[in-house]
Amino acid sequence: METQYFTLNPDPDSDAEATSLAIAAAARAIQMGGLVAFPTETVYGLGANATDAEAVAKIYVAKQRALNDPLIVHCALDAAALRAPADALARQEIAGVLSAQQRERVVALVQRFWPGPLTLVLPRGARIPPNVTAGLDSVAVRMPDHAVALALIRASDVPIAAPSANRFGHVSPTTAQHVRDDLDGRIDMVLDGGATAIGVESTVLDLTQDPPAILRPGGLARAEIERVIGSVGAGEQGSRGEGEKGREGEEAAQVSPGLLSKHYAPRARLRVVRDTAELLRQRSHAAAQGLRVGLLVMASQREACAGLMPQYVLGQDLASVARNLYAGLRALDSAGVDVILVSEVERAGIGEAIADRLRRGAA
Ligand code: TXA
Ligand code: MG
């Protein structure tokens, strides 16, 4: 199939007509059971009508994703629904019946963090077919904080199931070019809204457990969530991450399969080192063995790493590192390096998600 590309100017006033034509074409594609890649504030998603099992099945084929890896349902609540989100999600039959405690948590979290990089795992509603959730009776839901994503969901008039728009096992795409590199010719359309702002995926919080558990650290920091609902668990992550070798799909019955340790791996070997001295030492060592080495460097390491090519500068603070990480991994992969070296980051705030992706990428 030929993939259509639409470039959307992020400034909503710039070319309103072209934008609304592109959104209308994309919404038609969704309604007809097609696949549309679209930007969110975290990473690009590969969307299909979440209420259409046949459309959803195409996502797994296009991505070559294992069928036991559940998708996130993206919704766009209006102002009234955002004030009473538990009722709205139940009315739309995205979520099923919630306990009083779950309702309370949904209301508090949604009012504080939606639209935004927080995915909530809730009991599954009747309108969501089982292949969205890989047969689980829970469903992951979020409302993305991106004008293009919200316009697409609203124009489609259905919730949109969307995993990250990459081939299974690759790092998530943060630009439309990344999507093209992975999925050109396999999907109907790509809406290009520029580079994504956050750069790592949403935080997945399981509200079917008590206390709730973070299944995947992401764009919203643990501390922010805990300020609203009190302390949350780490979920299955600890046990799942340890020494696990399987590629995606090798295991059945996933709790949160995005947690498989190789999930975020680049093609080159990724090594996370303690500090700049160790980075330089390992670089010389690998180079001496005839390996091509790429560096992901923090702004503060530029001087120490001057002239050591190829290198990709991640930036100054943790937010910049998160925003640039996947582009850096893809760029060094394309440069054909054998080894990628990067220093570990502080695990505070979004640093927890960065450290998680680095650890999985290096597994
Ligand atoms: O930021 C994001 O979350 C991006 C954008 C496109 O929204 N989406 C994304 O989707 O990262 P994906 O499919 O790559 O990751 C979905 C994660 C996986 O870790 C999956 O296991 C988990 O959500 N998940 C989905 N449904 C679940 C469920 N019912 N129970 C537990 N985990 C679930
Ligand atoms: Mg993904």
Report task. Work from the charge dipole of the chain (Cβ charges, +1 for Lys and Arg, -1 for Asp and Glu, about the Cα centre) and give the residue of Met298, Leu318, Thr3 farthest towards its positive end. Result -> Met298
Report summary line: Loop-resident GluC sites (Glu not before Pro) in region 39-142 with no more than 16 other Cβ atoms inside 10 Å, DSSP not H/G/I/E/B, are Glu93
Query raised in the report: Amide H of Ala95: which non-local residues (sequence gap of 5 or more, or other chain) have their own amide H closer than 5 Å, using H built in the peptide plane?
Result: Ala90, Gly125
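Counting only heavy atoms of protein chains, what accessible area per residue, in Å², does region 4-254 have with a probe of 1.4 Å? Could you put the intermediate results ahead of the total?
Values: 9820 Å² over 251 residues.
That works out to 39 Å² for each residue.
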Query raised in the report: So what's the projected area for region 262-326, the Cα convex hull averaged over all directions, in nm²?
Result: 4.8
Report summary line: Taking a crude spin-label model, label points 7 Å out from Cα along the C-beta direction, the Met309 to Gln101 distance in nm is 5.9
Query raised in the report: When the Cα centres of region 317-363 and region 34-80 are compared, how far apart do they sit, in Å?
Result: 25
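Share of the chain's accessible area from carbon and sulfur, percent, 1.4 Å?
49
Tell me, what does the Kirkwood hydrodynamic radius of region 86-221 come to in angstroms if you use every pair of distinct C-alpha atoms?
On the way: mean 1/r = 0.0624 Å⁻¹.
Kirkwood hydrodynamic radius for region 86-221: 16.0 Å.
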Report task. Could you tell me how many degrees, from 0 to 90 and to the nearest 10, lie between the Cα long axis of helix 351-362 and the main elongation axis, the longest principal axis, of the Cα atoms of the chain? Result -> 70
**Report entry** Positive minus negative residues near Ala286 (Lys, Arg vs Asp, Glu; Cβ under 13 Å)
**Finding:** +3
Query raised in the report: Between Arg222, Arg83, Arg323, which gets the highest mean-square fluctuation from a Gaussian network model of the chain, Cα cutoff 10 Å?
Result: Arg83
Query raised in the report: log10 I(q)/I(0), Debye, Cα-only the chain, no solvent, q = 0.06, 0.10, 0.14 Å⁻¹?
Result: -0.21, -0.60, -1.16
Requested in this report: Return the distance in nm (one decimal) between the two label points of a simple spin-label model at Ala79 and Arg91, each offset 7 Å from Cα along Cα→Cβ.
Outcome: 1.6
Report task. Please give, to one decimal in nm, the separation of the simple spin-label points placed at Arg269 and Asp210, each 7 Å out from Cα toward the Cβ. Result -> 4.9
Query - Nearest-20 debye value, the chain charge dipole, Cβ charges on Lys, Arg, Asp, Glu - result: 780
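The values are calculated or read from the model by the stated rules, or taken from the named source; none is laboratory data. What you are looking at is a predicted structure, and each value in this text was computed from that prediction instead of being measured. Every residue, glycine as well, gets a Cβ built from its backbone with ideal geometry; the counts of neighbours run over all protein chains shown. Only protein heavy atoms, including side chains, enter the accessible area calculation; ligands, DNA and RNA are left aside. Shrake-Rupley method; radii C 1.70, N 1.55, O 1.52, S 1.80 Å.
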